[in-house]
Structure formats: C-alpha cells, structure tokens
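Read-outs throughout are calculated quantities, based only on the coordinates presented, and are distinct from any laboratory measurement. Since we're looking at a predicted model, the values are computed, not measured. Cβ atoms come from the backbone with ideal geometry, glycine included; neighbour counts cover every protein chain shown.
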Amino acid sequence: MNKKQFELRMAEYVNGEMPADREAEFRDLLRRRGLDPDLPSEYKRLFDGLDPLDVPEPGPWMDREYRALVEEYRTDLRRRKWTSDGPGGRRGLFFPAFGRPFRLAATLGLLLVGALIGSWWTSLRPPGGRMSDLLAEVRGMKKTVIMAMLNNPSATERMKAVRISQETEGLDDDVIQALLETLDYDPNVNIRLVAAETLAGLAQNPAVRQGLVVSLERQESPLVQLALADILLALGEKQAVSPLDRLLQRKDLDYGIKLRLEKVRQRLI
Amino acid sequence: MATDNELMERVKQGDLNQLDAIYQKYSRILLAFFYRLTFNASVSEDLVHNVFIRILKYRDNYHGDGQFSTWLFHLAHNVRNDHYRKNRFARMTDNNVQALEIADDQNPASVFETNERAAILKGALEELSLEQREVLILSRYHGLKYREIADILKCSENTVKARNFRAIEKLRHVYRRLETSHEQETV
C-alpha cells in the first residue's frame, strides 16, 4: 500500500464508505507496516466530532430579495415574449405575413434614406464643424441608449447600460442622475455594485460624491454598504462619517459588517 | 408530494411558482453551505440568491437525470467560484466571536467551552484550501458520499477522497497547534 492508497482508504473509512471486511484488512495492513491500527478510528473521531458550526438565522430581507428576483425574471420573460417574432410577439403582430426579409429590407431602406439626408445636410455645413457635430451626435445617441437600457425591466440590459457608462466619457447630468438612482433603487445587488464602481470613477463631480454619501444609508445589502464605505474612504470623504454613525446604530446590522464600517469611520475622522 | 425533479421540470416548463417549494426546502441548506465556507452571514445570503438566479437562467439546461440536489450543489459550487474570483469586497470572514448568549437553564462553563471549540474549528478551517474546505463541508455537514461530491465538483472520486483526507490531516495538526496556543493565552 503506498501513500496515495493509504489516503484514499482513510478517506473512505472516515466517511463511512469502507465495508466492514475491508476495514479489518486495512487495520491489519497498518499493523504489519508498523502503524497504529487505531489510526482510522482517531481520524474518524476527529471528523465526526467536528463542531456543528451553527448557522445564523437569515435576515428578513433574504426571502424578500428572493421574491423580488423571481418577479424580475417574470417581467423579463414577458418583455422578451412581447418583442419576439413568435405568436403574441409585437413583431409577429405587425408583420405577420412578411417577417424577417421585409424587416431587413425596410431597415436597409431607412439607412439609405438617412445617409442621403445626412450627406445633403453636411454638404451645407462648413468643413470644420462636421467632426464635432458627428461626435456630439454619437454622444447623444449613446446617452439615449444608456437611459433606455437603465430603465429596462431586464437585469441583463440594465447591467449592460451601467458597463457602457463606465466606458463612456463626458456623461451628462441626466445620465449621472440615472446612475445614482440605479445605485439607490435597482433591485439587483450586482447592478448596484457595478453602479457604485462606475460612480466612483466620476467622483470629481460634487453631485456624485454627495450621491454616494446619501446612498450609504439607503442600502440594505451589506455588499453594497461595504463597497460604498470603501469608495468613500478611498475618496477621503469626511461627509460619510454622519451616515456611517447612523448606519452603525441599526440593530439588524451584521456583526462583521459593523466592525468593518467602524474601521472605515475611524480612518475617515 | 412532488419530487424535486418533478418540481424542477415544472419550473423548466414555465411554472415559476413551483420554484417556491424548492426555495423553501433548499435555501437554508444552501445558506449553511455558504456560511461554512465564508463565515459571513450576509455574503452567504447573497450567494443563495445567486444560486436561484442561476436556476432560473439555466432551467432549460436541466435534464432531470440524477439527483436534483447534485445539480443544485453544482450551481452553488460555480457561484462560489465566481464570487471568489470577482468580489474582492466580500473576501472577509466574521473572525470575531459573537457575544455569548446564555439561557437561564444553561451552564455558563459549557456554553463558553462550546464557543471556544467553534472558534478553534473556524480558525482551523480557514487554514484549509477552499477546495479542501468545500469537500469537508459537503461530506461532514451535508452527509454526501464521495461519488455525489465528485459529480457536483466535476472531478474524479479519488480527487475528492484525497482532498478530504488532506483536509482532515491538516485539521488534525492545526487543531492541536491552536488548542495549544489557546491554552497558553488563557493561562
């Protein structure tokens, strides 16, 4: 019996997966190798005797969040069905007979018309203004897309919107306000976390810093609370001290989270 | 009463109300699994939610061959992996012993001793690798056999056995060392 076989036999024994006849054979083998034949029992006593490690009862928001995520999924399903090509879908309703080829032709036609109009319009403009106009137009389109996606019932679309915002320069006040609202009110904790990261990158804006401070008390999720506390500590934002004090008074605050928030508070003052 | 597989088949067919029964049965079991991995109650609750998000997202991939619990724990294992890869904020454990709560009919000395043992075990478990801890928790606290754990973790049965043995071996050494240093501190 080599070391690996010894480990595998011991593992089988402690987990109650060694038949009785093999157990006697195993102990005998240990004895003949000069090892303690009671060694398997010692390991099993340790294994069985491990403390139960009582698990704390979940907080009231665990079941609430579960119901919210199921509801959000239902909403997303309804939205996807509505925009589908199939029965009951909006596209199927308006273009039942023509389907994809018609829609493709219509899209290409619209693009061509748009290109012709754009070409005529730019021919009327002085050359120097065209590039800046184009950039402004792209920025405007991006803003429209981000705002629409942030209000989408689908969590996937809202997450995409936040990620696009991270990569976009020159976000205006409307988008920033929408991101702050996402941080405060989006039902999905992962989206709120990414929104916090995105807003951290915009913290040179006083409205963003203020929004991050205010959001600290609004959060129920400990992950987001910690993320915001760490961001505000990195920013050296002393305005966060008062909301941290109020948050630390909450009776339902997890003990580990409380310790961490106290450390952040100490370092801020 | 419908089996777990039957309930999940109905969820797959679009009857999302059936997920509630699965949640009622497994949410606390999953919470215990994550808590014993992370020792953080709040993070564990979030991870339970992530598992149910995945159940909904991947319900079309559910085939119903084998035990539902194996599929469920496999999702939990993946959630655990993603969490430790992405969430730097959540890599924390509640390292502090909670305030002792002693009921009137309890012996304070035995309550103290229980909390001491729990604290020692937590310290010992934190010295295991995540893979070793996961296997130990699934076998010791969830009573799973190595064949099922191997199916959950998508590895060989011998790999699972080896990890469990090494976890116990390490606990044996660490437990002795922690107990010794703990006795020295309390003298």
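Largest first, the extents of the alpha carbon coordinates of region A:151-221 on the three principal axes equal 30, 28, 17 Å. Based on the convex hull around the alpha carbon atoms, region A:1-66 presents an average projected area of 6.9 nm². For the pairs A:Lys4/B:Lys154; A:Lys44/B:Lys145; B:Lys122/B:Lys154; A:Lys143/B:Lys57; A:Lys160/B:Lys25; A:Lys238/A:Lys258, flag any whose C-alpha to C-alpha distance is greater than 23 Å. Checking Cα-Cα distances, B:Lys122/B:Lys154; A:Lys143/B:Lys57; A:Lys160/B:Lys25 exceed 23 Å.
Just so you know, the averaged projected area of the alpha carbon convex hull for region A:134-269 sits at 7.9 nm². The gain in end-to-end length when the A:Asn152 to A:Asp63 segment is fully stretched comes to 29.6 nm, 0.36 nm per residue minus the alpha carbon separation. Within 10 Å of the Cβ of each residue in A:9-21, the mean number of Cβ atoms contributed by other protein chains is 4. With K and R counted +1 and D and E -1, the other residues having a Cβ less than 10 Å from that of A:Glu42 yield a net charge of +1. Counting only other chain Cβ atoms within 10 Å of each residue's Cβ, the peptide B:162-168 averages 6. Shown here for region A:163-265: GluC sites (Glu not before Pro) in loop regions (DSSP other than H, G, I, E, B) with at most 10 other Cβ atoms within 10 Å, namely A:Glu169.
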